[in-house]
Amino acid sequence: MYALVDANSFYCSAEQVFRPDWRNRPIVVLSNNDGMIVAANRLAKEAGINKFGPYFEAQKLCEQKGIIALSSNYELYGSLSAAMMEVIGRFAPEQHIYSIDESFLSFKHCYPAIPCLTEHAMKLRRAVWKETRLPVCVGIGTTLTLAKIANHAAKKLPGYNGVCAITCDEQRLAILKTMKTEDVWGVGRRIAKRLAVMNIHSAFALSQMRAGIARKQFSIELERTVRELNGEVCKTWDEARADKKQIFSTRSVGNRITDLTSLCQALSKHASTAAAKARTQGSLCKSMLIFASNSPFDEHPSGFKYVHHFSYPTNDSCELIEAATRAAIVRFNPAIRYYKIGVGLINLCSEANLQQDLFESCRNPNRMHVLDSINAKYGTDTLFLAAQGISQKWGMRREMLTPQYTTRWRDIPSIKC
């Protein structure tokens, strides 16, 4: 048996943790530079808010309906997600964190010892709420896909109250008949349109599809989905995820960059971020892509792209920043108002399996280890390279940002007793 634990409207729920007065209030969370609506809780959706639409189109409606609009507080979300996953992991011997707000659990070696999975899931749900004040729903099934289906039922169907365990065929078929094909994990709208031509409109109809036809006319992944809908285990999570082949750090700036110093700072920031990600997975960079441009919607889109090849693979932030800065100095154009800035590590190799170079100058990896360990303990950019700049006027626009309650000392909530 597997379980999928999923937080309800995670970004919105995270914003309510330290603001009890916002509970039972409609909330939306915006994307980078406060552009798009990326999260909306149930009350906001009932008020007419659609996700993934431009905020300026919904701003008037938000003001009329009293909907709280907030900038993305990634530091808060990451911290609360880690706390939530720690609590969830205590309820099963195997855990797979699927995303920032979703986690799979496996009861493969302990299911017979649990008298009632539904009661076990309810205890999990209460523990997460008690320790993190985040509401979650739990779905349990014999396969990963059915766990997803059960989680959907726990959220959407009446009578489950946040917990659904599919334990018999009658229950499984009844839930599948209520779901659209596009709501099935791994299907999506594009495949759902093709299935509709074959008169397959529900998850139940998809489960009745012959597995061989699903593979022949679609893919082996859809065949696995069909089999999993019928209780046959075909999908597993990887015990160790494969390392990324490329690592990118890119973002649109809050204020257009028109001077060389700001451009160098922005590229240095992205180079440092990408280097930290590479060190986390134990990778070294052989080639780095550096790019900067104005908006593609400007009258004359322009910018530059440059690939720097290192003579010796590295993940040292200092070396990556030096290469990015040199590229910016040579290619900076004062006539361009830079908007999209980024760095990509496009040729990675394993640090553990690297062939050493006899003539390569000695490096000090302990320096980066100290940098990463301090930032892991006290929060991102507690310690950073001065090349990133102290006052980043070009930084991402977050005009409605809430305090970073769990990662910044001055934002720690004060309690008056």
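Report, as a whole number in µm² per second, the diffusion coefficient that Stokes-Einstein gives for the stretch 280-379 at 37 °C and 0.692 mPa s using the Kirkwood radius over alpha carbon pairs.
Working: Rh = 15.6 Å.
D, rounded to a whole number, is 210 µm²/s.
Treat every Asp and Glu Cβ in the stretch 97-247 as -1 and every Lys and Arg Cβ as +1, leave all other atoms uncharged, and give the resulting dipole magnitude about the Cα centre to the nearest 20 debye.
Charge dipole of the stretch 97-247: 440 debye, to the nearest 20.
Can you spot the lysines whose alpha carbon is less than 18 Å from LYS377's alpha carbon? Ignore those fewer than 8 places along the same chain.
LYS277
Over the stretch 209-288, what is the mean sequence separation of C-alpha contacts under 8 Å (at least six apart), divided by residue count, expressed as relative contact order in percent?
With pairs under 8 Å counted, the relative contact order is 18 percent.
With 20 Å as the cut-off, how large is the P(r) tail for the stretch 14-128, expressed as percent of Cα-Cα pairs?
Across the stretch 14-128, Cα pairs with separations above 20 Å total 54 percent.
Considering only protein heavy atoms, what per residue accessible area in square angstrom results for the chain with a 1.4 angstrom probe?
Normalised by residue count, the accessible surface of the chain is 54 Å².
Take peptides 219-226, 300-307 and line them up by average Cβ neighbours within 10 Å, highest first, as a rough protection proxy.
Working: 219-226: 19.2, 300-307: 13.4.
My ranking of the peptides, most packed first, is 219-226, 300-307.
P(r) for the chain: what percent of alpha-carbon pairs falls in each 20 Å bin, starting at zero?
The distribution over the chain is 21, 49, 28, 1, given as percents.
Taking the alpha-carbon distance from LYS45 and a cut-off under 24 Å, which lysines remain once sequence neighbours fewer than 8 residues away in the same chain are dropped?
LYS60, LYS65, LYS148, LYS155, LYS156, LYS180
Starting at the first residue of the stretch 135-150, write each ³J(HN,Hα) from the Karplus equation 6.51 cos²θ - 1.76 cosθ + 1.60 with θ = phi - 60°, in whole Hz, x for Gly and Pro.
x, 10, 10, 10, x, 10, x, 7, 10, 4, 5, 5, 5, 5, 4, 5
Amide H neighbours of ALA292 under 5 Å, at least 5 residues apart or on other chains, H built in the peptide plane: list them.
Counting only residues 5 or more places away or on other chains, the set is PHE304.
When only Cα pairs under 8 Å and 6 or more residues apart are kept, what is the percent relative contact order across the stretch 49-198?
12 percent
Taking 30 Å as R0, compute the FRET efficiency from the Cβ-Cβ separation of ASP357 and THR382 and round it to 0.05.
It comes out at approximately 0.35.
Given Cβ point charges of +1 (Lys, Arg) and -1 (Asp, Glu) and nothing else, what value in debye, to the nearest 20, does the dipole of the chain about its Cα centre take? Let's see the in-between values first.
Working: 54 positive and 38 negative charges, 169 e Å.
For the chain, the charge dipole is close to 820 debye.
What distance in nm lies between label points placed 7 Å from Cα along the C-beta direction at ARG408 and LYS193?
4.3 nm
Considering only the other residues whose Cβ falls under 10 Å of the Cβ of ASN255, what net charge follows from Lys and Arg at +1 and Asp and Glu at -1?
Net charge around ASN255: +4.
Hey, what did the stretch 1-99 get for relative contact order, percent, Cα under 8 Å, at least 6 apart? Numbers along the way, then the final one.
Details: 108 pairs, mean separation 25.1, N = 99.
About 25 percent, as a whole number.
Run the Debye formula on the Cα coordinates of the stretch 79-155, all scatterers equal and no solvent, and tell me log10 I(q)/I(0) at q = 0.12, 0.20 1/Å.
With no solvent term, the Cα-only Debye profile gives -0.30, -0.88.
How long is the gain from SER295 to ASN255 if the chain were fully straight, where each residue apart is worth 0.36 nm and the alpha carbon distance is subtracted?
Going from the current span to full extension adds 13.2 nm.
Sorting check: for 139-152, 170-183, which peptide has the highest mean count of neighbouring beta carbons within 10 Å, and how do the rest follow?
Values: 139-152: 25.4, 170-183: 16.9.
Ranked by mean Cβ neighbours within 10 Å, highest first: 139-152, 170-183.
Enumerate the aspartates and glutamates that LYS245 could reach by cross-link, defined here as Cα to Cα under 17 Å, with residues fewer than 8 away along the same chain left out.
GLU351
Which distance in nm do the two modelled labels at ARG326 and SER391 give, with both placed 7 Å along the Cα-to-Cβ direction?
3.2 nm
The values are calculated or read from the model by the stated rules, or taken from the named source; none is laboratory data. Predicted, not measured: the structure shown is a model, and the values here were computed from it. Ideal geometry is used to build each Cβ from the backbone, glycine not excepted, and the neighbour counts take in all protein chains shown. Just so you know, the surface numbers come from the protein's heavy atoms only, side chains and all, with ligands and any DNA or RNA stripped out. Shrake-Rupley method; radii C 1.70, N 1.55, O 1.52, S 1.80 Å.
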